[in-house]
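Enquirer: Can you read through this structure? Questions will come right after.
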Amino acid sequence: MVLLAIETSSRQLGVAAIDGDRLLASYDVLGDYPHAVELPAAVTRVLREAQTSLDRLEALVVDIGPGSFTGLRIGLAFVKALAYLRKTPVVGIASLDVLAAQLPGARGIICPVLDAKQKNVYTARYHLDGGGLTRVTEYLLGPAAEVVPQLKEPVLLLGDGCATYRDQLLARCPKGQIIPPEGWLPRASTLA
């Protein structure tokens with residue numbers, strides 16, 4: 001089953017193609033929202049590298065946020081147009097789920113934190129063990145000091161909210177470990 005994933009929820013644009021569990025090709029570019037200009041060429045590039053075509057896609061996968069309003073709008077409109085023209089199914093996945101899934105070797109609690117602006121964050125709490133990744137809270141929006149749970153056990157924190165709210169996050173999660181910034185943006189390969 002060949003799937004094409006499109007990630008536009010942050011400053012990083014990403015496109016990836018997979019066949020089953022095998023990554024065929026991926027492309028990520030980080031910039032000041034290159035989405036509208038780069039997305040069509042990125043899709044063409046990934047399909048060419050994957051040696052496949054739009055006609056062979058069995059589904060499209062797209063990040064549905066939270067994230068950049070403009071980036072999400074571009075990605076969703078692009079996917080909607082492709083899906084409509086080719087009658088291809090679409091699967092939407094939340095940014096927080098994508099971020100949590102980017103730590104496949106981790107064990108325990110994962111807490112992605114995205115800056116929602118106006119002194120708020122988007123977050124959810126996940127548990128990762130041998131059985132896979134499970135979201136154990138609802139998606140939450142509010143001040144970091146209110147919506148990030150107080151946890152005594154070790155927790156992995158990631159996302160762009162870690163930069164702005166680092167002290168508040170570590171106060172709520174004293175055994176928290178903040179993942180390096182390279183892991184703070186959702187990747188198309190993980191989305192796929």
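The values are calculated or read from the model by the stated rules, or taken from the named source; none is laboratory data. Remember, it's a predicted structure, so these values are computed and weren't measured experimentally. Quick reminder, even Gly has a Cβ in these numbers, built from the backbone with ideal geometry, and neighbours come from all protein chains shown. Only protein heavy atoms, including side chains, enter the accessible area calculation; ligands, DNA and RNA are left aside. Shrake-Rupley method; radii C 1.70, N 1.55, O 1.52, S 1.80 Å.
Enquirer: So with the 1.4 Å probe, I'd like the accessible area per residue for segment 6-118, rounded to whole Å². Could the numbers behind the result be given before it?
Expert: Working: 5650 Å² over 113 residues.
In whole numbers, segment 6-118 has 50 Å² accessible per residue.
Enquirer: Please compute the modelled spin-label separation between residue 69 and residue 182, points set 7 Å along Cα→Cβ, answer in nm with one decimal.
Expert: Output for this residue pair reads 3.4 nm.
Enquirer: How many nm is it between the label spots at residue 87 and residue 36, if each spot is 7 Å from the Cα in line with the beta carbon?
Expert: Roughly 3.3 nm, to one decimal.
Enquirer: Answer with one residue from 122, 81, 140: the one whose Cα lies farthest towards the positive end of the charge dipole of segment 71-166, charges on Cβ with Lys, Arg +1 and Asp, Glu -1.
Expert: Going by the charge dipole, the pick is 81.
Enquirer: Shifting gears a bit: Any chance you could give the angle, 0 to 90 degrees and rounded to 10, that helix 69-86 forms with the longest Cα principal axis of the chain?
Expert: 30 degrees
Enquirer: For 58, 138, give me the order by solvent-accessible area with a 1.4 Å probe, most accessible first, ignoring ligands, DNA and RNA. Mind showing how you got there, number by number?
Expert: Numbers: 58 95, 138 130 Å².
The most accessible residue leads, giving 138, 58.
Enquirer: Related question: By how many nm would the segment from residue 145 to residue 167 lengthen if fully extended, with 0.36 nm per residue of separation less the alpha-carbon distance? Before the final figure, lay out the partial values.
Expert: Numbers: separation 22, 0.36 × 22 = 7.92 nm, distance 0.99 nm.
That pair, residue 145 and residue 167, stretches by 6.9 nm at full extension.
Enquirer: Given (i) 132, 42, 25; (ii) 46, 37, 35; (iii) 50, 37, 25, which label gives Cα extents along the principal axes in Å as computed from the coordinates?
Expert: Correct label, based on the coordinates given: (iii).
Enquirer: Suppose each label sits 7 Å from its Cα in the direction of the beta carbon; what would the residue 19-residue 44 distance come out to in nanometres?
Expert: 2.3 nm
Enquirer: Moving on. Angle, helix 35-49 long axis vs. longest principal axis of the chain, Cα atoms, 0 to 90°, nearest 10?
Expert: Helix 35-49 sits roughly 60 degrees off the main axis of the chain.
Enquirer: Run the helix sum for the chain: -39,500 (n - 2.57) per DSSP H stretch of 4+ residues, divided by residue count, reported at 222 nm to the nearest 500 deg cm²/dmol.
Expert: Numbers: 7 runs with 59 residues, N = 192.
After summing the helix terms and dividing by the residues of the chain, the value is -8500 deg cm²/dmol.
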